[in-house]
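The values are calculated or read from the model by the stated rules, or taken from the named source; none is laboratory data. Worth saying up front: this structure is predicted, and the values here are computed from it rather than measured. Don't worry about glycine lacking a Cβ; one is built from the backbone with ideal geometry, like all the others, and counts go over all protein chains shown. To get the accessible areas, we keep the full protein, side chains included, count just its heavy atoms, and leave off ligands, DNA and RNA. Shrake-Rupley method; radii C 1.70, N 1.55, O 1.52, S 1.80 Å.
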Amino acid sequence: MMSKIILHNDTAELPRLMSFIETIGDEFGITYELIMQLQLALEEAVVNVMLYAYPPYTKGDIEVKAEYDNGKLTFYIEDKGLAFNPTLAPEVDTNLSAEDREIGGLGIHILRNIMDEMEYHRHDERNILRLTKNIIKIMEIKTTNINNQYVVVIEGRLDTNTAPELETVLNDVNASNLVLDCLALEYVSSAGL
């Protein structure tokens, strides 16, 4: 399923973008830390469009779409502004001092460091920037009953935030014959134990 939001090229629209990303993160069980990283990356990309894609005092729209598939969260940022391929921008030398470094390029540097994939193409007079992040779901629990033996499969993260959900499931199962399958568990905090 794809979600989308249409923004105007006005930085006053940024709170709507942040809310959109937070909603997407909540929907797919993404950690708060990752949501904040995604907000930073998307803000950098969208603000570049807002400030530079359209001539001054020209109104334009920016469409941001998000889709989750097979552990990947992909954002598409589309606009009808001037053609600009951020993937061709040179790398920024972050070892140089701010005084010695040329102005610009840090936003693209942030995108490259936060996102796992970045791809650009121009189609029908539209810029389309695809940004993909491999994500870890917070936790997913699946239960099955096989020959009166309950199997509980736990995937993702088991921590202070998700332990109560697992406890509820285990209380609901209420079985003496219980198998916990933790093979897909990627993280366990002391609260999860």
**Q.** In region 163-179, the residues that are among the hydroxyl-bearing types (Ser, Thr, Tyr) and at pLDDT 80 or above
**A.** Thr168
Q: For Lys80, indicate whether it is basic (Lys, Arg) and open to solvent by 80 Å² or more (accessible area, probe 1.4 Å).
A: yes
(Q) Which pairs turn up if I take residues in region 142-170 that are closer than 15 Å to Cys182 by Cα and charged (D, E, K, R) and look for partners that are open to solvent by 70 Å² or more (accessible area, probe 1.4 Å) and at pLDDT 85 or above with beta carbon separation below 9 Å, at least 6 apart in sequence or on another chain? (A) Glu155/Lys142; Glu155/Leu183
Q. Does region 135-153 contain at least one residue that is of a type outside the set (S, T, N, Q) and within 29 Å of His8 (Cα to Cα)?
A. yes
(Q) I'd like to verify a number: residues in region 66-118 that are in contact with a helix residue (DSSP H, G or I) (Cβ under 8 Å, 6 or more places away or on another chain) and closer than 16 Å to Leu129 by Cβ, how many? (A) 17
**Q.** Tally, over region 50-64, of residues that are open to solvent by 60 Å² or more (accessible area, probe 1.4 Å), among the hydrophobic types (A, V, I, L, M, F, W, C) and touching a strand residue (DSSP E or B) at 6+ places or on another chain (Cβ under 9 Å)
**A.** 0
Q) Listed residues Lys65, Lys72; which is under 22 Å from the mean Cα position of the chain (by Cα), at pLDDT 95 or above and under 17 Å from Ser3 (Cβ atoms)? A) Lys65
Q) Where in region 86-192 are there strands (runs of 3 or more DSSP E), lying fully within it, with 1 or more residues that are open to solvent by less than 30 Å² (accessible area, probe 1.4 Å), more than 30 Å from Ala41 (Cα to Cα) and of a type in the set (Val, Ile, Thr)? A) 149-158
(Q) Go through (1) buried (at least 19 other Cβ atoms within 10 Å of the Cβ); (2) free of Cβ contacts under 8 Å to residues at least 40 places away in the same chain for Asn9 and report which single condition fails. (A) (2)
